[in-house]
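The values are calculated or read from the model by the stated rules, or taken from the named source; none is laboratory data. Source: prediction; values computed, not measured. Methodologically, a virtual Cβ is constructed for each residue, glycine included, from the backbone with ideal geometry; neighbour enumeration extends over all protein chains shown. With ligands, DNA and RNA removed, areas are computed over all heavy atoms of the protein, side chains included. Shrake-Rupley method; radii C 1.70, N 1.55, O 1.52, S 1.80 Å.
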Amino acid sequence: DVVETQEHYKSRWRSIWIMYLTMFLSSVGFSIVIMSVWPYLQKIDPTADASFLGWIIASYSIGQMVASPMFGLWSNYRPRREPLVVSTAISVAANCLYAYVHVPHSHNKYYMLTARALVGFGAGNVAVVRSYIAGATSLTERTSAMANTSACQAVGFILGPVFQTCFTLIGEEGVTWKLLCLQLNMYTAPVLFGALLGVINIILIFAIFREHRVDDMGRQYKSINSDGEGSDVLDQNTEGSIDHVAVVALNVLFFVILFVFAVFETIATPLTMDMYSWTRKEAVFYNGIILSVIGIESVIVFMVVKTLSKKTGERAILHAGLLIVLIGFFILLPWGKKLPNIQWQEIKNTSIPRTAPTEMLIPFWSLQEVQLPSNHTAEPVGCPVTQSWCLNTPMIYLAQYISSDVLIGLGYPVCNVMSYTLYSKVLGPKPQGVYMGWLTASGSGARILGPVFVSQIYTHLGPRWAFSLICGVVVASLLLLEIVYKRLIAFSVRYGRMQE
């Protein structure tokens, strides 16, 4: 046996902590500008409408979906430092481009679209991060490491808007440096801060990050990505074929998990505006508080499942997480007799077009600065009569909505961590870059399709159909989990090298 030295152990975990930081910065890169995209877009290009904003928001996920398999493949055959540095440098350059999208005299909205797509492309390094952590941890360390990774990702999503809020103190005008053609204001300062964090990340990757590889029992051996020290003694542990049925099943389950959460995020604003007669400002404020609480709840859950999984196993926790999500959406089904308030103003004032289907493609935090027409004195509230289901579908009570939020906020992080952990264990000690790339791509695809799905079903058929279909999708995923349950075991366990 090749015993791991104390020096090797410290170096391995320093490198893993650099991966945590990379995951955190990737999340911050997405969320740090999300609240200000719409007003900035209106400022630099008045021709941009809300539907184009939907494309800008989606471009991040599209870029990540394209890049993840590419960076994953790269990391399988070359030192991981290469795709990590290149991807982070792309994000830095994209943030700088975003800060200068006001400079061209035309087509500014397309420059912003390009910038956000490139930020998403750089975020494709998530596949490299996950594959490295999977290869640098033993089976006993894996769940904890994956939970920490997801927690860093969640904290990044939470703190991004906080950073953005701090930068609003600079104001819309800010400071202009004519020599650099740079306007440092509340819209550009966050991305420049993100670029600075990216540069620091690159420096730390060069200074601290090292290639490490251990087998499922924690014994070190030489990595295909590095010429550093290690042993070839344990290479026989890579022999054997991967269970591709389990791999495909976990990809499908991960798609469903990200899909239903994207639906949950997207539906928050239009649902609360229709059911509780909230204005845009109220919906953004209250849902912002709710999502922040869910983010904190998720971080706590990430920490708890690390301990819980040692007693029950990852498969049982994934099963429980999906059941909790199912109950969360089941509670959202309209059960009472009271109808929501109807928005009749839309019939009286036909000059105000209904834009809900477009708005629903936009996360709620992007709508906070949307302005009503100047000739409109009072914002119409309630369920619009143009959505025919408003006239016969019972309202969803606020207690139902809050209870559902709490349950989904509990079930989603459980499913997220367990699916990543099980996936890495099923793949075993072989390089996981490409496989992790496909898993990340499936999640990005879900985040693109989820808002499109719910915008169509909810607008035309209402919440009863939308949430019933989601419940059906989750039930189907539970059945799939039951079918492949016995196959979701670690590579080393499958080939009898370890006991489960």
Check your understanding: Among all cysteines in the chain, which have no other cysteine Cβ under 4.7 Å from their own Cβ?
Key -> Cys96, Cys152, Cys166, Cys181, Cys415, Cys471
Revision key, fill the gap. One finds the C-alpha centres of region 165-220 and region 405-467 to be spaced, in Å, by 27
Study note, to complete from the structure: Once Lys and Arg are counted +1 and Asp and Glu -1 for all other residues with Cβ under 13 Å from that of Asn185, the total becomes -1
Review point. Hey, what's the chain come to in accessible area per residue, 1.4 Å probe, Å²?
Key: 42
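Taking Cα atoms of region 1-107, Rg/Rh with Kirkwood Rh, to two decimals? Show your work: numbers first, answer last.
Numbers: Rg = 18.9 Å, Rh = 16.8 Å.
Answer for region 1-107: 1.12.
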**Study point:** HN-Hα J in Hz across region 187-202 - Karplus 6.51, -1.76, 1.60, θ = phi - 60°, x for Gly and Pro
**Key:** 8, 8, 4, x, 6, 5, 5, x, 5, 4, 4, x, 4, 4, 4, 4
Point to revise | Neighbour net charge for Gln64 - beta-carbon separation under 14 angstrom, K R +1, D E -1 | key: +3
Study note, to complete from the structure: Calc'd 3J(HN,Hα), region 118-129, phi into Karplus 6.51 cos²θ - 1.76 cosθ + 1.60 (θ = phi - 60°), Hz, glycine/Pro = x, comes to 5, 4, x, 4, x, 6, x, 5, 4, 5, 5, 4
Review point. Which cross-chain or sequence-distant (5 or more) residues have an amide H under 5 Å from the amide H of Cys383, H modelled 1.01 Å from N in plane?
Key: Asn341, Ile342, Gln343
Exercise for review: Would you mind checking the tilt of helix 244-276 against the longest principal axis of the Cα atoms of the chain, expressed as 0 to 90 degrees and rounded to 10?
Suggested key: 20
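What is the packing order of peptides 311-324, 262-275, taking the mean over residues of other C-beta atoms within 10 Å and listing the highest first?
262-275, 311-324
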Check your understanding: Amide H of Leu182: which non-local residues (sequence gap of 5 or more, or other chain) have their own amide H closer than 5 Å, using H built in the peptide plane?
Key -> Trp177
Check your understanding: How big is the charge dipole of the chain about its Cα centre, in debye rounded to the nearest 20, if each Lys and Arg gets +1 on its Cβ and each Asp and Glu gets -1 on its Cβ?
Key -> 340
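With N set to the residue count of the chain, report its C-alpha Rg divided by 2.2 N^0.38 Å to two decimal places.
1.01
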Practice item. Kindly express, to the nearest 10 degrees and within the range 0 to 90, the angle between helix 50-77's C-alpha long axis and the longest C-alpha principal axis of the chain. Key: 10
Practice item. Give me the percent of the accessible area of the chain that comes from carbon and sulfur atoms, probe 1.4 Å, all protein chains in place. Key: 66
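Stokes-Einstein D for region 1-223 at 4 °C, 1.567 mPa s, Kirkwood Rh over Cα pairs, in µm²/s?
So the translational diffusion coefficient is about 70 µm²/s.
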Review point. Which ³J(HN,Hα) values in Hz, rounded to whole numbers, follow from the phi angles of region 326-340 under the Karplus curve 6.51 cos²θ - 1.76 cosθ + 1.60, where θ = phi - 60° and Gly and Pro get x?
Key: 4, 4, x, 6, 5, 4, 6, 5, x, 10, x, 10, 6, 8, x
